[in-house]
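Inspection log for the structure reproduced underneath, given as structure tokens.
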Amino acid sequence: MHLPGIVLLAQLAASAQQTLPVLEFPERGLDDSSSYQGYQTRFLRDAARNTVQIYLDGRDGRVVNLWADSENESIGFTARDTRGNPVHLGWASAGATVDSAARTRSVEYQLTATAPRVAIGWFLLGSMRVERDFQYAKRHLTPFRGPRYSLPELDRLVMALERLDPVERRRHLALLGAPELRTLRSRLQPTITTRKSAASWVARILQPSLNGRDTLSLELRVDPRRVVAARAGDSISLRARSGNDVPITVRIATTGKPLTPLAREEIFNGEFLRFLDAVRVAGDASAGASDTAVRRARRLEREVRGVELLSSREKLMAGLPTYATYFGRDMMMTALMMRPIWRDEMSAFVVASVLRKLGPAGDVSHEEALGGQAVRESASEYTNLVDSSLRMAKAGNRIAADSLLVGARTVLRDMRRTRENYHMIDDEFQLPVLAARWLGDAKVSAEQKRAFLFDTTDFGEPRLARLVRELALVSRMTAAYASDPVVANLVSFPLRDSVTWSSASWRDSGVGYAGGRYAMDINAIWAPHALESLGVILDALRALGVSADSLGRTMPGLAPDTPLGRYARNPAALSAAVAAWQGASRHFLVRLAPADVRSRVAARIAAMPSAERNYWTRLVSLTNADRDSLAFLAIALDASGNPIGVANTDPATGLFLGEVGNGLGAGSSVTDDVLRDVRLFVRPYPVGLLIAEVGPVVANDAYAPPPVWQAFVRDPYHGPRVVWGREVNLFLLGASNRIASATLGQAAVSVNPARAAYVGELRDAIRRVRSAVEASGFHSELWSYEVSDGRVVPARYGTSADVQLWSTTDLVVQFTLSRLGQ
């Protein structure tokens with residue numbers, strides 16, 4: 001071997017490192033493996049300490065490797081036996097080998113396929129969003145010999161290029177680093193090559209990016225002395241020479257740009273880290289700790305590691321594996337909930353991240369599209385521009401046609417530019433609340449606030465200018481109802497088509513809001529809190545010596561004739577707007593007499609499959625859960641302004657945020673509303689929300705029309721079949737905060753029977769919800785249940801995130817409850 005080759009091998013060997021998983025699911029002693037239904041996953045750190053998740057889904061034989069870096073990359077394949085059934089795959093190595101050389105990072109690990117013959121196919125290397133869509137379409141379940149999977153956006157881009165005249169086409173191809181169309185077409189599918197030596201047989205699957213600047217690769221290696229291997233079209237075939245196991249070495253590699261991870265000391269404050277250490281000491285098995293203390297310590301450590309896996313200096317990711325990217329709502333909700341245990345800098349970091357991504361009108365980005373997903377969206381935009389240009393040219397408008405082609409070339413040049421999605425509404429109202437809680441925090445110095453607001457790092461304008469645009473947007477969205485508080489002036493979802501409304505808030509599945517037009521969470525909770533937060537922010541600006549008049553000269557959103565401008569100059573006008581929006585909850589209130597509760601629950605149970613029908617009928621008769629009246633805030637109003645009778649967990653957000661104006665008092669209407677919402681959570685399903693040994697389901701459609709029942713059966717993601725960790729944590733934090741507020745003067749509770757009863761009911765509700773959730777064994781993004789053999793059995797939800805940002809808020813729940821003595 002030549003000296004340069006020897007040197008290169010030595011360098012590679014020196015950089016390779018063995019690493020153990022940071023996390024594993026299910027974990028012995030913490031998780032019930034049967035609830036995971038054959039699913040298992042590991043989280044590792046690569047050589048740049050970026051997160052790599054590997055999951056093995058025994059239900060369909062799919063293996064997915066997620067690279068949670070700046071490209072949100074994934075590498076997936078499917079393993080089957082000779083009959084086309086999923087092959088069981090298991091870990092054959094304790095950890096992995098990580099390496100880096102130049103721009104390439106790699107991870108290598110071993111698997112064992114428990115079958116004498118294995119076929120591996122459906123290689124998909126690209127964006128995790130592409131993998132998600134691939135699985136949603138059930139393509140990973142189709143035969144390997146079926147049609148190749150392709151992205152229609154990229155196919156249309158190639159067709160658009162074919163329609164251009166040769167000179168213009170060459171200009172466009174040059175921007176993609178492709179000398180001809182054939183080169184570009186070759187990048188649309190992965191290439192498979194094989195090589196064999198005496199010691200190894202290797203299949204290498206290579207996927208370049210569309211512009212050829214980055215590459216993802218997958219290598220599957222076997223020992224030919226133990227395994228007979230061959231390529232079979234777009235799949236590979238492996239056969240054990242003896243026995244029933246096929247050992248496989250997997251190596252994945254990327255040239256994508258890494259992120260800069262944050263450590264726990266950069267995320268959590270000192271008080272929480274001391275609490276965590278105390279829990280660890282209490283859970284030290286060598287000190288003879290109880291099983292409960294050990295499990296608690298292990299679980300909290302797992303959640304802290306989860307936060308670290310999601311956190312970098314560039315962004316906080318929403319969840320792994322499916323949402324390894326920026327989601328504005330997830331990040332802001334988490335920041336609001338984590339404030340007691342996060343460093344103050346984290347709130348500022350989140351606000352700055354959101355402001356950086358604001359749209360021109362001040363709208364908050366819901367989700368970023370990057371890497372392969374950005375390419376897909378750019379390809380669609382490019383094709384539309386080319387098509388429009390050709391139409392203009394055909395119509396004789398050469399100037400317009402040329403202008404459109406200039407735009408098309410710009411899109412190609414910036415094809416991997418991060419793109420933002422602004423179609424959600426709830427996050428517009430969340431930013432003012434988060435910003436107000438940081439700017440209104442007396443522990444944050446005036447110098448810190450001033451430096452933050454006038455920082456021009458992003459786009460050469462102060463952050464304050466971007467914040468003002470967002471506050472102006474919120475003021476405009478709420479102005480009509482503030483002036484005339486009728487249903488027609490509430491904040492509406494946009495139309496999806498001529499007859500249905502888009503679910504543009506956190507329940508963003510198709511049926512999430514039961515087809516409603518006006519969401520309760522936006523109108524009854526977020527809008528009044530956002531308006532109240534405007535006042536906090538404006539007061540903070542005045543305290544910093546910043547006047548509305550001075551800002552109004554350069555910031556149109558604060559002009560005297562705008563809603564925000566009027567609020568800034570006339571606090572009484574803002575107070576009136578807040579008061580008007582405080583009454584919005586009345587539109588959503590549903591009250592049912594006992595007879596109505598019984599008849600509607602009976603009708604809903606009658607429509608269930610027999611096993612569930614029998615179980616819930618018996619449970620209702622045993623608990624008499626349908627014998628009392630019921631009141632709840634409906635999930636939404638229909639287009640006519642009528643409440644859609646879906647009981648739901650969204651009032652937990654109101655419990656957590658507190659009352660607008662901070663009103664509280666036993667026996668007051670505020671306290672009555674708190675108990676109304678709390679009682680819904682703990683009333684047994686199918687009357688209320690709580691399922692023993694599972695938790696509070698996210699919705700109960702018993703009081704809605706039958707078409708809503710059927711819609712939730714088809715799309716259960718936000719329906720009666722699931723519990724969401726976010727909602728559990730909001731409820732527990734909200735109830736805990738109400739107890740803390742009510743017991744500020746502990747003596748007052750002892751001499752006030754009404755207040756004592758109120759606090760006692762809240763404590764009991766916390767106990768019952770915690771007990772159900774603990775029995776489920778889940779503290780994840782969401783989980784489900786099945787009725788089997790006459791009992792309810794908790795189960796992992798198929799597309800649930802294993803590590804999810806707002807589910808790690810269980811950390812602040814545990815911290816808060818410990819201070820309450822619960």
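Restricting attention to the range 402-424, the residues being part of a loop (DSSP other than H, G, I, E, B) and either farther than 19 Å from Thr325 by Cα or touching a Gly at 6+ places or on another chain (Cβ under 6 Å) (or both) number 2.
One line per residue, one yes/no per condition, for (1) open to solvent by 50 Å² or more (accessible area, probe 1.4 Å); (2) closer than 20 Å to Ala704 by Cβ; (3) in contact (Cβ under 8 Å) with a residue 60 or more places away in the chain:
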position: Asp521; (1), (2), (3): no, yes, yes
position: Trp526; (1), (2), (3): no, no, yes
position: Ala595; (1), (2), (3): yes, yes, no
position: Val601; (1), (2), (3): no, yes, yes
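When restricted to residues that are of a type outside the set (Asp, Glu), outside any loop (DSSP other than H, G, I, E, B) and touching a residue at least 12 places away in the same chain (Cβ under 8 Å), the range 350-387 contains 20.
Within the range 209-237, which residues are open to solvent by less than 20 Å² (accessible area, probe 1.4 Å), closer than 27 Å to Glu73 by Cα and in a strand (DSSP E or B)?
Let us first name the residues in the range 209-237 that are open to solvent by less than 20 Å² (accessible area, probe 1.4 Å), namely 209-210, 216-218, 220, 222, 224, 227, 235-236.
Narrowing the set further to residues that are closer than 27 Å to Glu73 by Cα leaves 209-210, 216-218, 220, 222, 235-236.
Correct list: Leu216, Ser217, Leu218, Leu220, Val222, Ser235, Ile236.
Within the option set Asp561, Asp508, being surrounded by fewer than 23 Cβ atoms within 10 Å (Cβ to Cβ) and touching a His at 6+ places or on another chain (Cβ under 9 Å) holds for one residue only, Asp508.
The selection criterion, being assigned to a helix (DSSP H, G or I), over 19 Å from Ile766 (Cα atoms) and open to solvent by less than 10 Å² (accessible area, probe 1.4 Å), does not hold for Phe681.
For the range 540-610, please list each of the helices (runs of 4 or more DSSP H) lying entirely inside it that holds at least 2 residues being touching a Ser or Thr at 6+ places or on another chain (Cβ under 6 Å). Quick ask: steps written out before the conclusion?
Numbers: elements: 548-552, 563-569, 571-582, 594-606.
In the range 540-610, 563-569, 594-606 are the helices (runs of 4 or more DSSP H) which contain 2 or more residues that are touching a Ser or Thr at 6+ places or on another chain (Cβ under 6 Å).
Within the range 74-153, considering only strands (runs of 3 or more DSSP E) that don't extend past its boundaries, which have at least 2 residues that are open to solvent by less than 20 Å² (accessible area, probe 1.4 Å) and in contact (Cβ under 8 Å) with a residue 40 or more places away in the chain?
Values: elements: 89-91, 96-101, 104-113, 117-127.
Where strands (runs of 3 or more DSSP E) fall fully within the range 74-153 and carry at least 2 residues being open to solvent by less than 20 Å² (accessible area, probe 1.4 Å) and in contact (Cβ under 8 Å) with a residue 40 or more places away in the chain, they are 96-101, 104-113, 117-127.
Please work out if Leu531 is among the hydrophobic types (A, V, I, L, M, F, W, C), farther than 30 Å from Ser509 by Cα and under 33 Å from the mean Cα position of the chain (by Cα). In short, no. Of the residues Arg566, Arg553, the single one that is more than 30 Å from Pro706 (Cβ to Cβ), modelled with pLDDT under 95 and either under 31 Å from the mean Cα position of the chain (by Cα) or among the basic types (Lys, Arg) (or both) is Arg553.
Would you confirm whether or not the range 716-735 contains a residue that is over 25 Å from Arg796 (Cβ atoms), in contact (Cβ under 8 Å) with a residue 40 or more places away in the chain and either aromatic (Phe, Trp, Tyr) or touching a helix residue (DSSP H, G or I) at 6+ places or on another chain (Cβ under 8 Å) (or both)? Outline the logic, then answer.
As a first pass, look at the range 716-735 and keep what is over 25 Å from Arg796 (Cβ atoms): 734-735.
Going one step further and asking which of them are in contact (Cβ under 8 Å) with a residue 40 or more places away in the chain, we end up with 734-735.
Filter once more, so that each one left must be either aromatic (Phe, Trp, Tyr) or touching a helix residue (DSSP H, G or I) at 6+ places or on another chain (Cβ under 8 Å) (or both): 734-735.
Within the range 716-735, one or more residues are over 25 Å from Arg796 (Cβ atoms), in contact (Cβ under 8 Å) with a residue 40 or more places away in the chain and either aromatic (Phe, Trp, Tyr) or touching a helix residue (DSSP H, G or I) at 6+ places or on another chain (Cβ under 8 Å) (or both).
Per the conditions (1) at pLDDT 95 or above; (2) open to solvent by 40 Å² or more (accessible area, probe 1.4 Å); (3) not in a strand (DSSP E or B), the sole criterion not satisfied by Arg251 is (3). Filtering the range 183-208 to residues that are more than 21 Å from Ser127 (Cβ to Cβ), among the polar types (S, T, N, Q) and part of a loop (DSSP other than H, G, I, E, B) leaves Ser197, Ser200.
All conditions but one from (1) over 18 Å from Arg45 (Cα atoms); (2) surrounded by 22 or more Cβ atoms within 10 Å (Cβ to Cβ) apply to Val281; the one that does not is (2).
Residue count for the range 59-94 satisfying the condition of being over 24 Å from the mean Cα position of the chain (by Cα) and within 14 Å of Thr112 (Cα to Cα): 14.
The values are calculated or read from the model by the stated rules, or taken from the named source; none is laboratory data. What you see is a predicted model; the values in this text were computed from it and never measured. Neighbour counts run over all protein chains shown; Cβ positions are idealised from the backbone, glycine included. The accessibility values were calculated without ligands, DNA or RNA, using every heavy atom of the protein model including side chains. Shrake-Rupley method; radii C 1.70, N 1.55, O 1.52, S 1.80 Å.
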